[in-house]
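In what follows, a single structure is set out as structure tokens and then discussed.
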Amino acid sequence: MKLLVVGSVAFDAIETPFGKTDKILGGAATFIGLASSILKTDVSLVSVVGGDFPQEYLDLLTSKNVNIDGVEIVKEGKTFFWSGKYHNDLNSRDTLVTEVNVLENFEPKVPAHAQDAEVLLLGNLHPGVQLSVLEKMAKRPKLVILDTMNFWMDTGGDVLMEMIAKTDVITINDEEARQLSGEYSLVKAAQKIHTLGPQYVIIKKGEHGALLFHDGKIFAIPALPLEEVFDPTGAGDTFAGGFAAHLAKTGDFSFENMKSAIIVGSALASYTVEKFGTERIAEITAEQLKERMAEFKQLTTFEVDLDL
């Protein structure tokens, strides 16, 4: 199945306790596209960059068989730029600079070859932009996956609620789930979010893993314990990319297969944090992904004698 991804292709400048970078390749759609390519998924990106965006970054995406026909280049404009500094625990950060630039007036254009994509992943953008993409599709995708954040919950209003109502799967972190639902318990939060439209709710918990909710069923997966974590930027986007790519590749949207998709996403995200920006995820092979999946299986599989 075809996977269509809408999101930012951008520059990041990152500082963590382990070092700092100048402007490097970033953006939600970039991480998603690179993650999807490892599964050899038919993936297309819709985004916008400025004339300052290096050709080598575009070449990197195409070398991974990521279709960038939907990435508009505004030659007189500047690419979206974000700079942030992470605290010692790497779970919290301060935004130092946000330059919206060409994203401010972004009007997504869905290429003809992607109009019939069966899976649509709407990366973190203004909900009005996300909604416009869905409305431009030749027919509704079989699966619509939405990523959003607390900023849009503060400012998106009715447009965000309209977008959520048209969503099959929503992926947000625990803080955002609590804000969206008004519930502290993540179980109650997921139940309330279900009533807004999504059949599946994924709540990301950073270094504590992720939760999947559907029709009264819950699946939990831990994060893989790592010796070194350099940069968590893009880990959530990589997770979403691996999740969506697995579903598009298998064509199976059942709860059982979504459990598998969450493990794929988590395995890929565990690679992203090992280096700054996209550097690590850009070099991962399918064989390395299999190795990390095996680590997850070993971490989560157990037998217990209940004959007490």
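The values are calculated or read from the model by the stated rules, or taken from the named source; none is laboratory data. All figures in this text were calculated on a predicted structure; none of them were measured in a lab. Every residue, glycine among them, receives a Cβ derived from its backbone with ideal geometry; neighbour counts consider all protein chains shown. Surface areas here come from the heavy atoms of the whole protein model, side chains and all, with no ligands, DNA or RNA. Shrake-Rupley method; radii C 1.70, N 1.55, O 1.52, S 1.80 Å.
Residue pairs, Cβ under 6 Å, 6 or more apart or interchain, first in segment 144-159 and under 9 Å from ILE170 (Cα atoms), second open to solvent by less than 40 Å² (accessible area, probe 1.4 Å) and of a type in the set (Asp, Glu). List them.
Short answer, once both residue conditions are applied: VAL144/ASP168.
Residues of segment 107-123 being open to solvent by less than 70 Å² (accessible area, probe 1.4 Å) and of a type in the set (A, V, I, L, M, F, W, C), which ones?
Result: VAL110, ALA114, ALA117, VAL119, LEU120, LEU121, LEU122.
Out of the strands (runs of 3 or more DSSP E) lying entirely within segment 60-148, which hold 2 or more residues that are closer than 30 Å to LYS40 by Cβ, within 20 Å of the chain's Cα centre (by Cα) and at pLDDT 90 or above? Spell out the reasoning first.
Numbers: elements: 67-74, 81-86, 93-99, 119-122, 143-147.
Of the strands (runs of 3 or more DSSP E) lying wholly inside segment 60-148, those with at least 2 residues that are closer than 30 Å to LYS40 by Cβ, within 20 Å of the chain's Cα centre (by Cα) and at pLDDT 90 or above span 67-74, 119-122, 143-147.
Are any residues in segment 181-205 among the hydroxyl-bearing types (Ser, Thr, Tyr) and touching a residue at least 24 places away in the same chain (Cβ under 8 Å), and if so, which ones?
Here is the first cut: in segment 181-205, the ones among the hydroxyl-bearing types (Ser, Thr, Tyr) are 181, 184-185, 195, 200.
Scanning segment 181-205 gives a single hit, TYR200.
Tally the residues that are in contact with a helix residue (DSSP H, G or I) (Cβ under 6 Å, 6 or more places away or on another chain) and under 19 Å from VAL264 (Cβ atoms), restricting the search to segment 168-203.
3
Regarding GLU104, is this residue among the acidic types (Asp, Glu), out of contact with any Pro (no Cβ under 7 Å at 6 or more places or on another chain) and surrounded by 13 or more Cβ atoms within 10 Å (Cβ to Cβ)? Full working, then the answer.
Numbers: among the acidic types (Asp, Glu): yes; out of contact with any Pro (no Cβ under 7 Å at 6 or more places or on another chain): yes; surrounded by 13 or more Cβ atoms within 10 Å (Cβ to Cβ): no.
When the stated conditions are applied, GLU104 does not pass them.
What are the residues in segment 159-193 that are part of a helix (DSSP H, G or I), open to solvent by 50 Å² or more (accessible area, probe 1.4 Å) and under 22 Å from ILE221 (Cα atoms), if any?
Answer for segment 159-193, where residues must be part of a helix (DSSP H, G or I), open to solvent by 50 Å² or more (accessible area, probe 1.4 Å) and under 22 Å from ILE221 (Cα atoms): GLU175, ARG178, VAL187, LYS188, GLN191, LYS192.
Which one is nearest to the chain's Cα centre (by Cα), of the residues in segment 194-204 that are farther than 10 Å from VAL169 by Cα and not in a strand (DSSP E or B)? Explain how you work it out, then say what you get.
Going residue by residue through segment 194-204, those that are farther than 10 Å from VAL169 by Cα are 195-196, 203-204.
Filter once more, keeping what is not in a strand (DSSP E or B): 195-196.
Numbers: THR195: 23, LEU196: 21 Å.
Across segment 194-204, the extreme among qualifying residues is LEU196.
All but one of (1) within 20 Å of ALA240 (Cα to Cα); (2) in contact (Cβ under 8 Å) with a residue 40 or more places away in the chain; (3) not hydroxyl-bearing (Ser, Thr, Tyr) hold for VAL66; state the number of the condition that does not hold.
Single failed check for VAL66: (2).
Which residues, counting only those in segment 135-158, are aliphatic (A, V, I, L, M) and crowded, with 20+ Cβ neighbours inside 10 Å?
Restricting attention to segment 135-158, the residues satisfying the condition of being aliphatic (A, V, I, L, M) are 137-138, 143-146, 149, 153.
Result: LEU143, VAL144, ILE145, LEU146.
Do you know which of the residues in segment 222-261 that are among the β-branched types (Val, Ile, Thr) and under 21 Å from VAL119 (Cβ atoms) is most open to solvent (accessible area, probe 1.4 Å)? Walk me through it before giving the result.
Narrowing segment 222-261 to residues among the β-branched types (Val, Ile, Thr): 229, 233, 238, 250.
Add one more test, that the residue is under 21 Å from VAL119 (Cβ atoms), and what stays is 238, 250.
Details: THR238: 0, THR250: 68 Å².
By that ranking, first place goes to THR250.
Report yes if PHE11 is out of contact with any strand residue (DSSP E or B) (no Cβ under 8 Å at 6 or more places or on another chain), within 29 Å of LEU247 (Cα to Cα) and not basic (Lys, Arg), otherwise no.
Details: out of contact with any strand residue (DSSP E or B) (no Cβ under 8 Å at 6 or more places or on another chain): no; within 29 Å of LEU247 (Cα to Cα): yes; not basic (Lys, Arg): yes.
For PHE11, the condition - out of contact with any strand residue (DSSP E or B) (no Cβ under 8 Å at 6 or more places or on another chain), within 29 Å of LEU247 (Cα to Cα) and not basic (Lys, Arg) - is not met.
With respect to the numbered conditions (1) open to solvent by 30 Å² or more (accessible area, probe 1.4 Å); (2) at pLDDT 95 or above; (3) not in a strand (DSSP E or B), which one is the sole condition not fulfilled by PHE219?
Condition not satisfied by PHE219: (3).
Mind telling me which of the residues GLU207, GLU227 ends up being farther than 27 Å from GLU162 by Cβ, more than 15 Å from the chain's Cα centre (by Cα) and part of a helix (DSSP H, G or I)? Explain how you work it out, then say what you get.
On the way: GLU227 fails: part of a helix (DSSP H, G or I).
Only one candidate passes the filter, namely GLU207.
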